[in-house]
Amino acid sequence: MTVTYSDLKINLGKLGLSKNLVIAHASLKAFGEIEGGPETMLNALLDSVRGVVMPTFTYKTMINPEIGPPKNGITYGAETDLNKMAEPFYPDMPADKMMGILPETLRKHPKAKRSSHPIQSFAGIHADAILNTQTIYNPLAPIGALADQDGWVLLLGVDHRVNTSIHYAEKLGGRLQFIRWAMLQDRIVECPGFPGDSEGFNDVELFVEKYTRRVHIGETLIRAVHLKSLINAVVDQLKENPFAFLCQRKDCERCTAVRWS
Ligand SMILES: [Zn+2]
């Protein structure tokens, strides 16, 4: 069964977000075949909300130095091969493939703007003021701005492990943040506020059930989560359990660093 624009539009419409800004995360593969491909999904989304932002992160700009500050969830000097392949950031650098194809489709849309953080940029349409809040010191500021404007998180065929907004809530909740380094054209820049690991984020489901709207397209689930409520739920949970939402992998450097912090 091929998914069409009207399948998407009708179901996204049921989420009731036509007057809201959203941050969207998507796996188009989860929907099977979409008539017209990612552009169809993007158009259905744009026609169902007031404005949209997506992460267009570029991890290939990252450099792992030989030495650096302690408790940073990293093994210094371990990725010399990756360092050799690192590329300096430029404004039109494509979003990483691991972000999925939709952020890159958004970034290339004629009406889209993109912020200039060398690792954690966002692209958006009708969301300039949101994008403009980002700084090198506060890479996830757009998520706070979105929450202040009654924004929502949209999870299209993906789960909370890709829900970047949970990282913003972790920071607000006082969780350890990391420093990473990125290549610009003429120098290497230190990027504070790099978040932890997201493998444990599906544990958030229980706490945001009340603030989640759901629709299905075929078998594929689309969830909308009220952003401010999500942030508050995560911060509250971190107060109760400082180890909440960490993953269970013993070799996870960032979760281990958080446990020891
Ligand atoms: Zn982990």
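Before moving on, here are some points about what is shown:
- Residue satisfying all of: in the range 233-255; in a helix (DSSP H, G or I) and under 18 Å from Arg161 (Cα atoms); nearest to the ligand (Cβ to nearest atom) among these: Cys255
- Out of Arg223, Arg254, one residue alone is within 22 Å of Ile179 (Cα to Cα), in contact with a Leu (Cβ under 9 Å, 6 or more places away or on another chain) and charged (D, E, K, R). It is Arg254.
- Annotation note: of Glu79, Glu35, the sole residue that is over 15 Å from the mean Cα position of the chain (by Cα), surrounded by fewer than 17 Cβ atoms within 10 Å (Cβ to Cβ) and modelled with pLDDT of 95 or more is Glu35.
- Restricting Arg161, Arg187 to those that are within 16 Å of the ligand (Cβ to nearest atom), charged (D, E, K, R) and open to solvent by 20 Å² or more (accessible area, probe 1.4 Å) reduces the list to Arg161.
- Taking the range 199-232 as the range and being buried (at least 20 other Cβ atoms within 10 Å of the Cβ) and within 16 Å of the ligand (Cβ to nearest atom) as the test, the residues that pass are Gly200, Phe201, Val204.
- Where Glu66 falls short, out of the listed (1) over 29 Å from Asp148 (Cβ atoms); (2) touching a Leu at 6+ places or on another chain (Cβ under 8 Å); (3) open to solvent by 70 Å² or more (accessible area, probe 1.4 Å): (2)
- Candidate set: the range 164-184, residues that are within 13 Å of the ligand (Cβ to nearest atom) and under 16 Å from Arg259 (Cβ atoms); chosen: the one nearest to the chain's Cα centre (by Cα): Glu170
- Inter-residue pairs, beta-carbon under 6 Å, first over 19 Å from Ser6 (Cβ atoms) and in the range 214-238, second buried (at least 20 other Cβ atoms within 10 Å of the Cβ) and of a type in the set (Val, Ile, Thr), 6+ apart: Val225/Val153; Val225/Val208; Leu227/Val153; Leu230/Val208; Ala233/Val208; Val234/Ile166
- For the range 92-115, a residue qualifies if it is in contact with a helix residue (DSSP H, G or I) (Cβ under 8 Å, 6 or more places away or on another chain) and farther than 15 Å from Lys60 by Cβ, and the qualifying residues are Gly100, Ile101, Leu102, Thr105, Leu106, His109, Ala112, Lys113, Arg114, Ser115.
- Residues of the range 27-59 satisfying the condition of being part of a strand (DSSP E or B) and within 18 Å of Leu146 (Cα to Cα): Gly51, Val52, Val53, Met54, Pro55
- The residues of the range 199-213 that are touching a residue at least 40 places away in the same chain (Cβ under 8 Å) and not in a strand (DSSP E or B), listed by number, are Glu199, Gly200, Phe201, Asn202, Asp203, Val204, Glu205.
The values are calculated or read from the model by the stated rules, or taken from the named source; none is laboratory data. These numbers come from a predicted model, not from an experiment. Because the Cβ atoms are built from the backbone with ideal geometry, glycine has one as well, and the counts that use them run over all protein chains shown. Accessible surface areas use protein heavy atoms only, side chains included; no ligands, DNA or RNA. Shrake-Rupley method; radii C 1.70, N 1.55, O 1.52, S 1.80 Å.
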